[in-house]
Amino acid sequence: MRTTIRAIAVTFGMLMMATVVAVNARAQCGASDGPMTSNTATALLMHSAAVKATTATATAQASATLHTAPVGAPIVGFWHVKFISKGTTGIPDGTVVDMGFSQWHSDGTEILNSSRPPATSNFCLGVWEKTGPFAYRLNHFALSSDLNGNMIGPANIREDVTLDVHGAGYTGTFSIDQYDTSGNRLVHITGEVKATRITVDTKISDIL
């Protein structure tokens, strides 16, 4: 039991209108030079109508995209994530070794707000790449400290996950390796990672 508590404790110690203006400017310039011809006025009206139609189409397409998400959506977004031990010496399978909120960004970076105590540096950063139609790989690093703020060393979290077909969750495997400042590995934890997408409609009861 002490070994389990110690391993989890170390783990927690390891582990964010231009076109319209142009048209108006042209209209004002034309007016200042004299009366606007009917052809010019007609051209400007047609141009304005085309701009409005294009804007309306783009807005409709964006709205449709938002309303069809998360069906087939990429992993980019906001997630509630759990790290569950499996196959780790000293930690029973099924033990939640960490949890938190993860943000996967469209530029290939990621940030995790972990449930670890803030004194241990509970924010950490990663990079990801797409490895298949719904598959992703994450390489994530953290600088871990103990509860007194003393540096332990770097930690490395690696994940291989698969997004479900609805884009509402992902599952996969993870490994956590905690090192000291000399690069000696102190802890190695493996297990399953599970995440649920957070949307504007998500409530606390949905993730607890």
Tally time: how many residues in segment 160-191 are among the aliphatic types (A, V, I, L, M) and more than 22 Å from LYS86 (Cβ to Cβ)?
2
Consider PHE134 carefully, then state whether it is closer than 22 Å to THR181 by Cα and of a type in the set (Phe, Trp, Tyr).
no
Would you be able to say whether some residue in segment 91-111 is modelled with pLDDT of 95 or more, part of a loop (DSSP other than H, G, I, E, B), open to solvent by 50 Å² or more (accessible area, probe 1.4 Å) and in contact with a helix residue (DSSP H, G or I) (Cβ under 8 Å, 6 or more places away or on another chain)?
yes
When segment 127-147 is checked residue by residue, the ones that are in contact with a helix residue (DSSP H, G or I) (Cβ under 7 Å, 6 or more places away or on another chain) and not small (Gly, Ala, Ser) are ASP146, LEU147
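Pull up segment 73-90, narrow it to residues that are open to solvent by 60 Å² or more (accessible area, probe 1.4 Å) and within 15 Å of the chain's Cα centre (by Cα), then point me to the one that is farthest from PRO133 (Cα to Cα).
Just the residues of segment 73-90 that are open to solvent by 60 Å² or more (accessible area, probe 1.4 Å), to begin with: 74, 78, 82, 86-87, 89.
Now restrict to residues that are within 15 Å of the chain's Cα centre (by Cα): 74, 78, 82.
On the way: PRO74: 9, PHE78: 20, LYS82: 23 Å.
Once the filter is applied, the top-ranked residue is LYS82.
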So, first residue over 19 Å from GLY77 (Cα atoms) in segment 97-124, second residue modelled with pLDDT under 90 and small (Gly, Ala, Ser), Cβ within less than 7 Å, six or more apart or across chains; the pairs are THR120/GLY13
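The values are calculated or read from the model by the stated rules, or taken from the named source; none is laboratory data. As the structure is a prediction and not an experimental result, all values here were calculated from the model. Reconstructed Cβ throughout: ideal geometry from the backbone, glycine too, with neighbour counts over all protein chains shown. Side chains are part of the model used for accessible areas, which takes the heavy atoms of the whole protein and leaves out ligands, DNA and RNA. Shrake-Rupley method; radii C 1.70, N 1.55, O 1.52, S 1.80 Å.
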